[in-house]
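One structure is given here, and the rest of the page talks about it.
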Amino acid sequence: MTHPVLPGHPHLHYHDRALHLEGLRLAALARASGPPLYVYSQAAMLDALGAYQRGFAGRKVQICYAREAISWLAVLQLFTRHGCGFDIVS
């Protein structure tokens, strides 16, 4: 059985008929933590950010992440460490 290429590939993919994210079997994570479970791929986020950074290379810009889109501190810290600012609207 072949699986389609998923958005987030290669970080999100099927292996041995099980869904994996960055090499971790998602079903095992779900069993261990219970619902709800939110899983993010650091590698996929940094790949997407890198595409913007390469696209704007050589220009004086500040890439900003919409703060309202997510409130998890670890994700915000990841983007901060990699040069992002934040757009905050109240």
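Side notes on the structure shown:
- Restricting the range 33-77 to residues that are of a type in the set (D, E, K, R) and within 22 Å of residue 11 (Cα to Cα) leaves a set whose member that is least open to solvent (accessible area, probe 1.4 Å) is 47.
- Members of the range 19-32 found to be more than 25 Å from residue 77 (Cβ to Cβ) and surrounded by fewer than 12 Cβ atoms within 10 Å (Cβ to Cβ), listed by number: 27, 28, 31
- Taking first residues from the range 17-38 that are within 19 Å of residue 6 (Cα to Cα) and partners that are in a helix (DSSP H, G or I) and not aromatic (Phe, Trp, Tyr), the Cβ contacts under 8 Å between residues at least 6 apart in sequence or on separate chains come to 18/26; 18/27; 19/26; 19/27; 20/26; 22/42; 22/43.
- Residue within the range 41-56 that is touching a Phe, Trp or Tyr at 6+ places or on another chain (Cβ under 9 Å) and over 22 Å from residue 83 (Cβ atoms) present: no
- In the range 64-90, the residues that are over 13 Å from residue 46 (Cβ atoms) reach residues that are exposed (fewer than 14 other Cβ atoms within 10 Å of the Cβ) and acidic (Asp, Glu) with C-beta atoms within less than 7 angstrom, at least six apart or across chains, in these pairs: 64/87; 66/87; 67/87; 89/68.
- Entirely in the chain, the helices (runs of 4 or more DSSP H) that have 3 or more residues that are within 17 Å of the chain's Cα centre (by Cα): 42-55, 73-81
The values are calculated or read from the model by the stated rules, or taken from the named source; none is laboratory data. All values derive from a computational prediction rather than experimental measurement. Glycine gets a Cβ as well: all are built from the backbone with ideal geometry, and neighbour counts include every protein chain shown. Note: areas computed on protein heavy atoms with side chains; ligands, DNA, RNA excluded. Shrake-Rupley method; radii C 1.70, N 1.55, O 1.52, S 1.80 Å.
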